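Colleague: Handing you a structure now.
The values are calculated or read from the model by the stated rules, or taken from the named source; none is laboratory data. Source: prediction; values computed, not measured. Cβ: placed from backbone, ideal geometry, glycine included. Neighbour counts: every protein chain shown.
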Amino acid sequence: MKNYSSQQRNDYQSAVKSQQGRVGSSESPLLMETDSRWLIAIFLICCCLSLNFLIGIKDGFAADSKSPVSDDVPVEGPPLFKTIEGAKTYIVQHQNKDGGWPLISGGDSNVESTAFAVWALIDAGWGTGSQVVRMGVQYLRNTQLDNGGWNNNTAHTTFALIALAAAETDPEVRFKGLQWLKKAQNRSGAWGKKERSPDNVLYTAAVLAGLRRLGFKKNFEPISKGAAWLAEGINFDGGWALERGGRSDVFITSWVVQGLETAYNIDIQIAWLKQFQNDDGGFGRYKGSPSDPEITAIAVMALAAGNDPLNTRRVAINYLTNVRQEDGSFVSNTPIELSEPTTNLQSTCFVLIAIHAKTPDELNLQ
């Protein structure tokens, strides 16, 4: 993710400073004033990021020419290198002609899979100006609704914003998306699947994790309100479930941990996650459940958010290198559309994203 300059951060923080501690209705004059300030600040940040787009073009063409995309050339090298290159190859080979990606090879393109693919490829070093990325960006641009969201879905909108920010392009499109995302937040601080949908732990966690990825901090009111709502839902054992009071779930908790990192100390939650790691290095949904590549990938992302002092994620990544398929893909039934373990783009993308996930300390060194 692009690091902003100190001046840009100071300008943005001064614009949102007056929001701290204010909670009220959307009709409040005070909120209307602060809303306009943070919206202007976001727009200015997006404009600055867009200037970097042309810089990525030359790197993008190099990425297109250097990365393996042929079925006839096996990837050679150490296991981690083979896993990374194999996943990139699989993703690129399964881009549809409309520029988007499907969940399953040969299926129709969708916003979520396309956002994951663009995000994963750029994190893995694919140039932002490459044809592959530009086609994916165009697909996302074309599928944005007039209200600024994607599919009127808070998670899809969040992931599309991450992809476009990674591609360093379309500030106006992102500005509209952020406007819609803030409007979709419930008065409780949570998000549901759609605007005015019931509060939902997973959607709230995904949005907060996305805002964290986009560089927003705890003094941004939507984050502070959303994190407070999430924190209230913790189970007695230290984890989270999709339904409050339900069985704590590694997948849900891993998303929540990423969402809470900007506002809370998450050391205890990181320790909670580590006790669920299986002997093979991977993570399943519950204690004793078989390891799953996508759940492991999301857990690795959570461990990175918590700085992972014991390098637990290295063991988990080793598990991922051991379960990759010959074509570079990964098999999982975690996507809600799948009823049985299946090779799919979503899980493959998350593995690539997880391998390249940075800890806060690593990001501060960049």
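Colleague: Here is a check on your reading of the model: is residue 136 modelled with pLDDT under 95, in contact with a helix residue (DSSP H, G or I) (Cβ under 9 Å, 6 or more places away or on another chain), surrounded by 23 or more Cβ atoms within 10 Å (Cβ to Cβ) and on the phi < 0 side of the Ramachandran plot?
Modeller: no
Colleague: Quick test of your reading of the structure: residue 200 fulfils all but one of (1) modelled with pLDDT of 95 or more; (2) surrounded by fewer than 18 Cβ atoms within 10 Å (Cβ to Cβ). Name the failing condition by number.
Modeller: It is condition (2) that residue 200 fails.
Colleague: From the set of residues in the stretch 70-114 that are more than 25 Å from the chain's Cα centre (by Cα) and among the aliphatic types (A, V, I, L, M), which is modelled with the lowest pLDDT?
Modeller: 73
Colleague: Let me ask something else about it. What number of residues within the stretch 296-314 satisfy the criterion of being in a helix (DSSP H, G or I), surrounded by 16 or more Cβ atoms within 10 Å (Cβ to Cβ) and out of contact with any Phe, Trp or Tyr (no Cβ under 9 Å at 6 or more places or on another chain)?
Modeller: 5
Colleague: Applying the selection to the stretch 324-365, what residues are over 18 Å from the mean Cα position of the chain (by Cα), part of a loop (DSSP other than H, G, I, E, B) and over 19 Å from residue 79 (Cβ atoms)?
Modeller: 333, 337, 338, 339, 340, 341
Colleague: Next question, about the same structure. Where in the stretch 186-283 are there helices (runs of 4 or more DSSP H), lying fully within it, with 1 or more residues that are touching a helix residue (DSSP H, G or I) at 6+ places or on another chain (Cβ under 6 Å), touching a residue at least 12 places away in the same chain (Cβ under 8 Å) and of a type in the set (Asp, Glu)?
Modeller: On the way: elements: 201-213, 221-232, 250-260, 267-274.
Qualifying helices (runs of 4 or more DSSP H): 221-232.
Colleague: Residue check: is residue 283 crowded, with 16+ Cβ neighbours inside 10 Å, within 18 Å of residue 123 (Cα to Cα) and out of contact with any His (no Cβ under 6 Å at 6 or more places or on another chain)?
Modeller: no
Colleague: Restricting to the stretch 317-366, name every residue that is out of contact with any strand residue (DSSP E or B) (no Cβ under 9 Å at 6 or more places or on another chain), touching a residue at least 12 places away in the same chain (Cβ under 8 Å) and of a type in the set (A, V, I, L, M, F, W, C).
Modeller: Scanning the stretch 317-366 gives 317, 352, 353, 354, 355, 357, 363.
Colleague: Among the residues of the stretch 168-189, are any crowded, with 19+ Cβ neighbours inside 10 Å and under 17 Å from residue 252 (Cα atoms)?
Modeller: Within the stretch 168-189 (the criterion being crowded, with 19+ Cβ neighbours inside 10 Å and under 17 Å from residue 252 (Cα atoms)), the answer is no, since none of the residues qualifies.
Colleague: Continuing with the same structure: Checking residue 364 against (1) out of contact with any helix residue (DSSP H, G or I) (no Cβ under 7 Å at 6 or more places or on another chain); (2) at pLDDT 95 or above, which test does it fail?
Modeller: So the condition that residue 364 fails would be (2).
Colleague: How many of the residues in the stretch 117-173 are closer than 25 Å to residue 328 by Cα and not in a helix (DSSP H, G or I)?
Modeller: Residues that pass the stated criteria total 8.
Colleague: Would you mind stating whether residue 285 is closer than 23 Å to residue 236 by Cα and charged (D, E, K, R)?
Modeller: Yes; evaluated as a whole, the condition is true for this residue.
Colleague: I need the full set of residues from the stretch 246-289 which are on the phi > 0 side of the Ramachandran plot and at pLDDT 95 or above, in order please.
Modeller: To start, the set of residues in the stretch 246-289 that are on the phi > 0 side of the Ramachandran plot comprises 281, 288.
The one that is on the phi > 0 side of the Ramachandran plot and at pLDDT 95 or above: 281.
Colleague: Residue check, residue 121 against (1) at pLDDT below 95; (2) crowded, with 21+ Cβ neighbours inside 10 Å, all met but one. Which one?
Modeller: Here residue 121 meets the rest and fails (1).
Colleague: Quick check on my filter: what residues within the stretch 252-272 are surrounded by fewer than 20 Cβ atoms within 10 Å (Cβ to Cβ) and within 18 Å of residue 298 (Cβ to Cβ)?
Modeller: Scanning the stretch 252-272 gives a single hit, 271.
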